[in-house]
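Visitor: Dropping the structure in here first, questions after.
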Amino acid sequence: MRLKHSYFYTLREDAKDEESVSGNLLTRSGMIKKSSSGVYMYLPLGYKVIKNINKIIREEMENIDAGELLMPSLVSEDVYVTSGRRKIFDDDMFSLKDRFDKSYVLAPTHEELFTMVAQARINSYKDLPFSIYQIQDKFRDEARCRYGLIRVREFLMKDAYSFDLDEKGLNDSYNEMYNAYKKIFARLGINYKIVKSDTGFTGGLLSEEFQALADIGEDKLVICEECGYAANAEVAKCSTLTVKSDEEIKIRELVKTPDKKSIDEVSSYLMEDKEKFVKTLIYNIDGKLHAVLVKGTHEVNEAKLKKLLNANTVELANIEQVEEVTNAKLGFAGPVGLEIPVVVDNEILNMKNFIVGANKTDYHYKNVNLEDFNYLYTGDIRNITEKDLCPKCGKTINFKSGIEIANTFKLGTKYSEVLNLSYLNRENESKNVWMGCYGIGIGRCLAAIVEQNNDSKGIIWPLEVAPFKVAIVVVNMEDETQIDAANYLYGEFKKQKISTILDDRDERAGVKFNDMDLIGIPIRITIGNKIKEQMVEIKQRKKDDFEEISLYDALTRVEDILDGE
């Protein structure tokens with residue numbers, strides 16, 4: 001690409017409305033441009049990177065014989081109603097009506113349509129297994145778009161689905177796709193961790209996330225370097241190694257705590273350790289109020305709570321509901337005497353003589369024990385903390401931030417049962433098809449690469465995804481010798497199919513160098529005054545030094561660099 005007459009621009013200043021490193025650098029380098037909140041245009045350079053990412057994905061999908069197709073973005077709402085997911089997505093779906101008043105949505109995901117496509121193919125056991133995938137836009141009405149391409153409303157996604165006879169077949173297909181994903185991210189140059197995660201909207205038997213490690217990451221990851229345990233904090237198990245209290249059980253005591261609501265306030269007023277407190281939170285779970293108990297120093301994990309109770313919706317009750325069920329002002333809820341189901345975190349099972357609200361304004365109970373109230377459910381329902389030990393080996397854990405760039409699911413028969421996807425086995429019996437689902441966020445991969453590969457000058461692209469491998473910079477566009485040498489090299493690189501930029505703009509050399517550093521081209525060849533001696537300068541973006549080489553050896557040297565030599 002010759003820059004002088006191409007669509008190309010860069011920004012000297014930071015983008016005002018981009019709070020992430022990747023969003024700022026991609027905007028400044030002219031690779032993306034925001035058109036509205038959470039919606040971006042991919043400009044020529046950025047789109048070339050996207051195509052390079054897609055090329056890697058397609059090659060690895062072809063290696064496992066997955067067939068590519070393309071689904072519509074506009075989907076009849078009835079499809080999601082039938083699967084039961086329309087209510088689950090709720091306001092996250094963009095919805096609209098056509099001129100005949102028929103309801104449609106912009107697809108946030110395509111499990112239902114892939115199941116329909118599979119129905120056209122599958123009749124008997126002889127038609128299985130197979131995998132299919134697409135690379136296509138998805139839409140979700142994010143309440144809070146942020147961090148550039150990381151949290152958006154329209155995003156490019158690769159989603160694949162496997163179809164198998166049974167659970168063993170699903171496991172085989174899952175492992176094959178799982179290994180293909182590892183190859184993809186190795187080629188993209190992303191530093192990542194694979195963690196267990198919540199199945200969320202998609203559902204199924206198992207979910208694992210590929211998380212790119214980055215400070216800007218919205219997800220908190222729990223990592224044990226000792227045994228390799230890794231999980232998203234929202235599903236990370238809390239250790240069961242808590243020591244049971246050896247205290248003697250004391251008599252429950254009602255104490256006045258005037259206008260003291262928070263644990264900090266009550267702890268200070270009663271001169272009691274915060275570790276002695278248990279807090280009671282009133283939740284509305286599928287339309288029914290529940291009391292949820294966790295240790296005062298910990299927080300409820302709503303994903304775990306939802307799974308324990310097999311619930312669809314979990315949300316904190318409003319003030320009016322809390323005060324009605326406790327007969328007290330907000331801040332004095334406790335489990336003693338409550339007439340709603342009580343859910344107790346496992347950690348409390350080992351506590352004695354703890355402090356709780358008394359369901360009476362300005363009062364708390366001291367020396368409360370499990371025998372003092374009825375509880376219906378127990379389980380691990382709290383967030384793990386950095387003070388916890390690894391639930392697998394009991395050693396120290398670390399917290400890291402991650403950007404979710406991919407997710408893999410063992411769906412089992414969740415969708416095939418609802419959408420009647422079945423096959424006839426050897427005995428002519430009808431059986432449900434076993435499915436797997438595998439997604440990659442293309443835009444998030446782009447953002448993650450930039451988050452992990454940048455410096456004060458700009459982006460440092462890994463070779464396989466860079467928009468161009470080489471940039472030829474002409475220092476003086478009024479020097480015919482320099483121009484002739486640049487054109488010669490440019491032609492030689494094109495013959496070898498090495499993607500190359502020729503910076504033939506009428507700009508100062510410093511501007512050109514800064515732009516090539518900002519957009520992250522891996523190899524820069526500078527043609528300046530030494531061309532009179534047939535010498536050029538080669539510099540790699542990820543290195544500080546440069547080397548002088550003969551004009552006629554430049555192609556060979558670049559090929560060596562591209563080959564990793």
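Visitor: With a cut-off of at most 12 other beta carbons within 10 Å, and DSSP calling the residue loop, which GluC sites (Glu not before Pro) in the range 1-104 qualify? Please list them. If you can, show how the numbers build up before the last one.
Guide: Working: sites: 13, 18, 19, 59, 60, 62, 68, 77; in loops: 13, 18, 19.
Here the GluC sites (Glu not before Pro) that fit, given the DSSP loop and packing criteria, are 13, 19.
Visitor: Using 0.36 nm per residue, how much length does the chain from residue 91 to residue 399 gain when fully extended, once their Cα-Cα distance is taken away?
Guide: 107.7 nm
Visitor: Still on this structure, please answer the following. Given an 8 Å cut-off on Cα distances and at least 6 residues of separation, report the relative contact order of the range 38-155 as a percent.
Guide: On the way: 125 pairs, mean separation 40.4, N = 118.
Computed value for the range 38-155: 34 percent relative contact order.
Visitor: In debye, nearest 20: dipole of the range 225-296 around its Cα centre with unit charges on the Cβ of K, R (+) and D, E (-)?
Guide: Values: 12 positive and 14 negative charges, 82 e Å.
Taking the Cα centre of the range 225-296 as origin, the dipole is about 400 debye.
Visitor: Please give the per residue accessible area of the range 78-179, computed with a probe of 1.4 Å over protein heavy atoms only, in Å². All intermediate terms of the calculation are to be shown ahead of the outcome.
Guide: Values: 4900 Å² over 102 residues.
On a per-residue basis, 48 Å².
Visitor: Using +1 on the beta carbon of Lys and Arg, -1 on that of Asp and Glu, and nothing else charged, what's the dipole of the chain about the Cα centre, debye to 20?
Guide: In total the dipole reaches around 340 debye.
Visitor: Then there is this: Share of antiparallel DSSP beta bridges in the range 418-545, in percent to the nearest 5? Can you show the working numbers first?
Guide: Details: 9 of 18 bridges.
For the range 418-545, the DSSP antiparallel bridge percentage is about 50.
Visitor: Just the projected area, averaged over all directions, of the convex hull on the alpha carbon atoms of the range 1-150: how many nm²? Intermediate results must be reported in sequence, preceding the final value.
Guide: Working: hull surface 53.2 nm².
Directional mean of the projected Cα hull area for the range 1-150 stands at 13.3 nm².
Visitor: Got a number for carbon plus sulfur as a percent of the chain's accessible area, 1.4 Å probe?
Guide: On the way: 12380 of 27120 Å².
Here it works out to 46 percent.
Visitor: Apply the membrane-span-like helix rule to the chain: whole DSSP H runs, Cα extent along the own long axis of at least 18 Å, mean Kyte-Doolittle hydropathy at least -0.5. List the helices found. Write out the running numbers ahead of the final one.
Guide: Numbers: long enough: 44-63 (28 Å, -0.63); 167-188 (31 Å, -1.00); 480-495 (22 Å, -0.89).
Span-like helices here: none at all.
Visitor: Using modelled backbone amide H atoms (1.01 Å from N, in-plane), which distant-in-sequence or interchain residues come within less than 5 Å of residue 30's amide H?
Guide: 11
Visitor: Another question, then. Name the cysteines of the chain that stand alone by the Cβ rule: no other cysteine Cβ under 4.7 angstrom.
Guide: 145, 238, 437, 445
Visitor: Work out Dmax and Rg for the range 258-298 from the C-alpha atoms and quote the Rg first, both in angstrom.
Guide: Values for the range 258-298 (Cα only, Rg and Dmax): 12.5, 39 Å.
Visitor: For the range 345-412, what is the convex hull (Cα atoms) projected area averaged across all directions, in square nanometres? Write out the running numbers ahead of the final one.
Guide: On the way: hull surface 36.0 nm².
Its Cα hull, projected and averaged over all orientations, spans 9.0 nm².
Visitor: Lysines near residue 33 by alpha-carbon distance under 16 Å, same-chain residues fewer than 8 away left out - which ones?
Guide: Correct list for residue 33: 16, 48.
Visitor: Could I ask something else about it? Counting pairs of alpha carbon atoms under 8 Å apart in space and at least six apart in sequence, what relative contact order in percent does the chain give? Don't skip to the answer; put the middle values down first.
Guide: Values: 1173 pairs, mean separation 94.1, N = 565.
After rounding, I find 17 percent.
Visitor: Normalised by the residues of the range 412-565, what does the relative contact order come to in percent, with Cα pairs under 8 Å and at least six apart?
Guide: 19
Visitor: Let me ask something else about it. Give me the net charge for the shell around residue 251: Cβ to Cβ below 15 angstrom, other residues only, Lys and Arg +1, Asp and Glu -1.
Guide: Details: positive: 250, 252, 352, 366; negative: 247, 248, 253, 371, 372.
Counting the neighbours of residue 251, the net charge comes to -1.
Visitor: Excluding residues fewer than 8 places away in the same chain, name every one of the aspartates and glutamates whose C-alpha is closer than 18 Å to that of residue 400.
Guide: Hits, sequence-local ones excluded: 198, 208, 209, 215, 218, 219, 225, 226, 234, 386, 388, 451.
Visitor: Can you give the longest run of the chain that contains no chymotrypsin sites (Phe, Trp or Tyr not before Pro) sitting in a DSSP loop with at most 14 other Cβ atoms inside 10 Å?
Guide: Here the longest run is 202-565.
Visitor: So if I average 1/r over every pair of distinct C-alpha atoms in the range 240-333 and take the inverse, what Kirkwood radius in Å does that give? Intermediate values should be presented prior to the final figure.
Guide: Numbers: mean 1/r = 0.0656 Å⁻¹.
Taking the inverse mean of 1/r over all distinct Cα pairs, the range 240-333 comes out at 15.2 Å.
Visitor: Once the principal axes of the Cα atoms of the chain are found, what is the range along each, listed largest first in whole angstroms?
Guide: Dimensions of the chain along the principal axes of its Cα atoms: 96, 68, 52 Å.
Visitor: Counting other Cβ atoms within 10 Å of each Cβ, which trypsin sites (Lys or Arg not before Pro) in the range 119-178 have at most 15 and sit in a DSSP loop?
Guide: On the way: sites: 121, 126, 138, 140, 144, 146, 151, 153, 158, 168; in loops: 140, 144, 153.
For trypsin sites (Lys or Arg not before Pro) across the range 119-178 that sit outside H, G, I, E and B with at most 15 neighbouring Cβ atoms in 10 Å, the list reads 144.
Visitor: Give the Cα extents of the range 439-516 along the principal axes, in whole Å, largest first.
Guide: 51, 30, 14
Visitor: A further question follows. If you take the C-alpha gyration tensor of the range 214-283, multiply each eigenvalue by 5 and take the square root, what semi-axes do you get, largest first, in whole Å? Walk me through the numbers on the way to the answer.
Guide: Details: eigenvalues 242, 75, 25 Å².
Working from the Cα gyration tensor, I get semi-axes of 35, 19, 11 Å.
Visitor: Which lysines does residue 543 reach when only Cα atoms under 23 Å apart count, and residues fewer than 8 places away in its own chain are ignored?
Guide: Straight-line reach from residue 543, under 23 Å: 457, 469, 512, 530.
Visitor: For the range 330-387, which trypsin sites (Lys or Arg not before Pro) are in a loop by DSSP, counting at most 11 other Cβ atoms within 10 Å? Let's see the in-between values first.
Guide: On the way: sites: 352, 360, 366, 382, 387; in loops: 352, 360, 387.
The qualifying sites are 387.
The values are calculated or read from the model by the stated rules, or taken from the named source; none is laboratory data. What you are looking at is a predicted structure, and each value in this text was computed from that prediction instead of being measured. With ideal geometry, Cβ positions are generated from the backbone for all residues, glycine too; neighbour counts draw on all protein chains shown. The protein model used for the area step is the full one, side chains on, heavy atoms only, and it has no ligands, DNA or RNA in it. Shrake-Rupley method; radii C 1.70, N 1.55, O 1.52, S 1.80 Å.
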